[in-house]
1. Please state which of the following conditions R170 fails to meet, knowing it meets all the rest: (1) modelled with pLDDT of 90 or more; (2) touching a helix residue (DSSP H, G or I) at 6+ places or on another chain (Cβ under 9 Å); (3) of a type outside the set (A, V, I, L, M, F, W, C).
2. Quickly run through region 1-34 and pick out the residues that are part of a loop (DSSP other than H, G, I, E, B) and touching a Phe, Trp or Tyr at 6+ places or on another chain (Cβ under 7 Å).
3. Cβ-Cβ distance below 6 Å, separation of 6 or more or different chains: which pairs start in region 678-697 with a residue that is of a type in the set (D, E, K, R) and end on one that is in a loop (DSSP other than H, G, I, E, B)?
4. Kindly evaluate P702 against the criterion of being buried (at least 16 other Cβ atoms within 10 Å of the Cβ), in the same structural domain as E608 (by TED's automatic domain parsing) and over 22 Å from the mean Cα position of the chain (by Cα).
5. Which ones in region 76-93 are outside any helix (DSSP H, G or I) and surrounded by fewer than 19 Cβ atoms within 10 Å (Cβ to Cβ)?
6. Can you name the condition, by its number, that S623 falls short on among (1) of a type outside the set (D, E); (2) over 26 Å from the mean Cα position of the chain (by Cα); (3) farther than 15 Å from I548 by Cα?
7. Scan region 581-628 for residues that are part of a loop (DSSP other than H, G, I, E, B) and aliphatic (A, V, I, L, M) and jot them down.
8. Quick test of your reading of the structure: D138 fulfils all but one of (1) within 28 Å of I118 (Cβ to Cβ); (2) surrounded by 12 or more Cβ atoms within 10 Å (Cβ to Cβ); (3) not small (G, A, S). Name the failing condition by number.
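The values are calculated or read from the model by the stated rules, or taken from the named source; none is laboratory data. Remember, it's a predicted structure, so these values are computed and weren't measured experimentally. A quick note on method: Cβ atoms are made from the backbone with ideal geometry, for glycine too, and the neighbour counts reach across all protein chains shown.
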Amino acid sequence: MSAVNLDDPSLYINRELSWLEFNRRVLEEAQDPGVPLLERLKFHAIFGSNLDEFYMVRVGGLQQKVQAGIARGSGGDKMPPHVQLAKINETVKSLVESQYASLLNDLLPALRDKGIVIRRIPDLTEADRKQLKDVFRDQFFPVLTPLAIDQGHPFPHLLNKSLNIAVTLRRPDDAEPLYAVVQVPGMLARFVTLQVNRTASSESSTTIPVLREPDPTSSQELRLPDYGIVLSPLEDVIRLHLDELFPGMELAGAHVFRVTRDSEFEIDDEVDDLLRAIEDSVKKRRRGHASRLEIEAGAPAELEGFLISALDLHPEDVVRVPSLLDLTGLFQIYGLPGFAELRDPPFVPTPVREFAQATTPWTAIRAKDILVHHPYESFKHVVDFIEAAAADDRVQAIKQTLYRTSSDSPVVRALQRAADRGKQVTAVIELKARLDEERNILWARELEKAGVHVVFGFVGLKTHCKVALVVRRDEDNQLRRYVHLGTGNYNPTTARTYTDLGIFTCNPDFAADVALLFNYLTGYAALPQWKKLIVAPSRLMDFMLEKIGQEAANAKAGKKAGIRAKVNGILEPAIVKALYLASQAGVKIDLACRGVCALRPGIPGVSETIRVTSVVDRFLEHSRVFYFENDGDPEVYVGSADWMDRNLTRRVEVVFPIEQADLKARVIDEVLKTTLADNQKSRLLLPDGSYRRVEVKTGEEPVRSQARFLEMAKKSADRALTAPATSSQPVPTSATSKPKLASRTRKAK
């Protein structure tokens with residue numbers, strides 16, 4: 001048998017098409033009758049939001065490559081950009097058709113039966129129209145700006161992702177059509193409340209935004225259940241009253257459309273002021289070239305052609321939509337108060353026993369390393385860790401990386417308070433976190449005002465690791481360093497919907513490594529010799545290749561071998577090739593990859609021992625875990641990096657070992673085993689790049705991993721009420737001197 005060429009592009013799945021398959025799995029949750037109705041609506045909104053970002057970042061870049069005449073594709077598959085765009089357009093068209101068929105024929109009628117009604121123009125009653133006319137004149141008319149398009153009025157620059165109404169007009173006694181645009185204001189709620197019935201509801205005290213209560217004596221009003229609400233889209237309200245915006249003109253047509261713009265940008269490696277460069281780039285993003293035009297299906301071809309020309313697009317860049325445009329607006333309906341029976345059962349993240357029973361975070365962490373599993377276990381312990389450090393007079397310094405955080409972040413506020421109290425506080429803020437640049441710029445300025453040393457990291461690399469360090473002089477007069485390492489951002493909001501792992505430790509080796517990491521990020525320092533951390537881009541790629549190669553060598557030698565991993569993406573060709581070689585050596589490889597995956601499993605002679613699954617459920621799978629059998633002495637690593645080229649070569653990432661026996665067992669037996677056993681919300685990747693649901697085999701127990709994790713967390717919390725905390729390792733006694741802080745931008749070396 002001849003050797004297989006592992007560089008053959010046919011062995012690799014295209015990144016963009018793999019991502020669309022991920023979004024298809026999101027859409028499947030929106031179409032699943034077993035998912036509560038409002039949760040299905042939420043998944044429709046997520047699907048739309050995902051697709052927006054895909055066109056803003058990925059499609060826009062491909063269009064630029066085609067315009068630049070770049071014929072060769074990147075990645076292992078080498079698919080040319082123009083071929084990718086053609087396949088993307090074909091796939092998106094199919095997905096959008098499937099989405100709207102499900103939404104219009106299934107979900108919205110089901111929601112109507114439960115009392116949530118979206119009423120379009122043909123269905124409005126006379127009472128509705130009178131109510132909307134008053135609302136339009138009082139609330140909407142003053143903020144609207146009709147924009148004519150002619151020789152004296154060029155086509156306006158339309159904001160990225162904004163809804164717009166293309167209006168076709170004629171002057172009296174003139175058949176020549178005129179065009180105008182009305183932008184739907186983004187600051188207004190997408191849906192207008194027409195009617196609310198809360199007569200017999202236990203939730204009647206809940207406040208709902210109502211424009212005017214219906215007349216209960218009117219026979220024209222819709223009969224609602226005991227608790228119900230009727231809504232009308234804002235664009236329909238505006239469309240109903242266009243004659244007031246264009247008095248004296250004949251209205252020939254009005255159709256809603258939406259433009260998505262390329263929002264990716266690059267920063268010059270020679271830039272001197274990173275903050276200013278990011279600010280300038282964010283401003284340019286708003287004027288990026290159009291990458292997609294969405295327009296109502298009933299719009300005439302002449303109008304579509306006019307918009308294509310004005311936006312400098314091609315016909316294949318147009319997506320015709322049969323109903324509501326911009327389904328991210330459905331988040332407003334999902335957020336309506338009440339309707340508990342239409343949602344997932346509520347849950348409260350459980351406290352971690354070690355912290356719940358300790359007097360301070362410091363005593364808990366000194367007793368043993370502590371693993372936290374979010375959102376099942378409370379992220380409040382992470383916030384408490386930083387807030388306690390800010391308030392504790394024994395704490396001398398706090399250092400933290402910030403990639404994405406919430407709009408009103410308690411973590412950032414704690415850092416500000418710490419600086420106000422005279423502590424040495426350093427924040428490494430990643431300004432280049434995609435689509436969060438403006439928020440991070442705001443936080444950077446606020447922190448600097450409070451006296452925090454703000455560092456923007458490297459120009460050529462994103463600082464993506466999740467690390468916090470607290471330096472404290474403890475009661476025994478020892479100067480100790482307390483560390484938090486995680487897989488997710490310091491964001492209390494997303495911590496309730498993303499699955500992540502974190503560890504608290506004051507182990508001297510971990511603490512020393514983290515201190516060196518911050519010195520590397522903030523000062524001029526050569527790469528250190530790490531004791532525990534595996535850091536990208538200097539070491540992580542080689543480390544992963546070594547570990548995969550080690551398992552292949554063990555399998556060839558007849559030793560125990562195996563690889564299990566939980567990641568968000570697998571794209572790096574060198575990693576895929578190493579996994580193929582390990583499979584050829586007989587290594588059993590079980591991978592849970594939520595999103596894009598370039599690897600094709602199950603190919604005879606190449607990857608037949610590799611299994612790849614993807615869990616899409618209530619929470620967004622986000623943690624990264626790596627397991628290597630190591631001839632019966634398993635090694636487990638957790639971190640911020642995926643097996644993608646950007647994580648391994650273009651970002652500062654940290655992966656770290658789980659060494660404490662009880663924590664290692666928990667990651668293996670609880671996190672990995674349960675995730676890989678999921679047969680309810682898991683899909684199996686097939687060799688052709690498509691996915692099918694994992695089936696429950698005869699005699700096999702149904703496993704929904706996220707439900708299991710919720711059960712485990714509750715049992716753990718129940719035990720915390722009765723069982724005493726235990727200590728499994730001695731109190732570390734290492735000390736360190738006060739670190740020197742830096743506050744300047746440097747170029748990556």
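1. Failed condition: (2).
2. The answer is L6, and nothing else.
3. D678/V703; K681/D617; K681/R704
4. So P702 does not fit the description; no.
5. K78, P80
6. With (1) of a type outside the set (D, E); (2) over 26 Å from the mean Cα position of the chain (by Cα); (3) farther than 15 Å from I548 by Cα applied to S623, the lone miss is (2).
7. The answer is A585, V587, V596, A598, I603, V606, V616.
8. Unmet for D138, out of (1) within 28 Å of I118 (Cβ to Cβ); (2) surrounded by 12 or more Cβ atoms within 10 Å (Cβ to Cβ); (3) not small (G, A, S): (2).
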